[in-house]
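The values are calculated or read from the model by the stated rules, or taken from the named source; none is laboratory data. Small disclaimer: the values here were computed from a predicted structure and weren't measured. All Cβ positions, glycine included, derive from the backbone under ideal geometry; neighbour counts span all protein chains shown.
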Amino acid sequence: MSLFDRAVASALPIVPRSVVRRVSAPYIAGATLDDARRTVATLNTAGKRATVDVLGEEIHTEAEARAIAAMYSDVLEAIEEDGLDANISVKLTGLGIKLDLDLCRSLLEGLVHAAGAQGALVRIDMEDATCVDDTLALYRELRVQGLDNVGIVLQAYLKRTLDDIEDLRDLRPSVRLCKGIYIEPRAIAFQDFAVVQRSFLGCLEALLDRDSRVGIATHDEHLLVESLARVEGRPTSGYEFQMLLGVREGRATELVAAGHPVRVYVPFGQQWYEYSLRRLQENPRMAGVIAKATMGRAVGRS
C-alpha cells in the first residue's frame, strides 16, 4: 500500500461525486429498493443468499431513525413478495442508538417481530467500540424475550471478542464474524495484520465449539482456506460464508459450486456517497484507483 494511496484516501471528500459513483457502483445495489430487489434476485439465481442493508446510519433526529426503520419494513415486504432468499442487516446508529436508546430498542424490536412473521432474520451490525456494550445488551434483551430470529456481529480485531463469545454462550447465537473495519486504539484492538488473522481463527473455533451458527465474513484468502478446513465435515446449517457485493465474486461462486452456503451483503439507499467514501477510505488501494480515474478525467478535458 503506497503513501500515494494513503494520501488520496484522506483527500477523498473533494473527489467529484460522479467519479466516486463510477468506481463504487459494483459495491452498491443502487439508490432505490427496486435496485436492491433486482440485485438480490440475480444473486439468488446464482445460488447466493443475500442480506440487505439500508444505507443511512448518520441520523440526527427521531424522524430520521423512524424513516430508516420504515425503509427496512419495506425491504422485508419486498423479500416476502418476491420470494427472495434474503434477510436484513441493521446498523443501530441508523435506528438512533446514540440518540435515544429506548427509541432504538422499540424500532429494532418492531423489525425483529416483523421479520419473524415471515421467517426472516435481522442481523444487528456491529459498529465502533462506543456502541459495542449497548448493542450486545439489546441483542441479549431480544433473545431473552424469546426472539430467535436475530443475530449479532462480532469483530475479531477487538481484544474483548473471545470474552464476548463466552458471555453469549448460553444464547447459542447466530454470529457474523468479521475482522473489523473501524479505527480503534491499540489498547482495545489488535493492530498487526497477522495477529488479527489469528484472532479471527481463534474466534471462529470458539464459536464453532459452542455450536453457534457462524457467518464467516471475510475476503482474505488465507482466512477462507483456514475456515474451510475448520468447517470440513460440519453440516452446512451451522455456517455460511459472507462477502460484500462486488468483492471476490468469482471466489464466492467457487464456494457455492463446492456446496458451501454463501450470503452477499447488499447495501442500497440514497446515502450511497457517504457509504462509498467510508469504504474507500478503509481501502486506500481502491482510493488510488479513484485518483487515477480523477486524473484521467482531467487529462481528457485538457
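Assorted remarks:
- In segment 87-125, residue nearest to GLY56 (Cα to Cα) [restricted to those that are of a type in the set (Ser, Thr, Tyr) and within 14 Å of the chain's Cα centre (by Cα)]: THR93
- Test: residue in segment 183-197 that is closer than 21 Å to ARG169 by Cα and of a type in the set (Phe, Trp, Tyr): no
- Every residue from segment 37-63 that is closer than 14 Å to LEU99 by Cα and touching a residue at least 12 places away in the same chain (Cβ under 8 Å): GLU57, GLU58, ILE59, HIS60, THR61, GLU62
- Just one of the numbered conditions (1) at pLDDT 95 or above; (2) farther than 30 Å from PRO261 by Cβ is not true of ASP74: (2).
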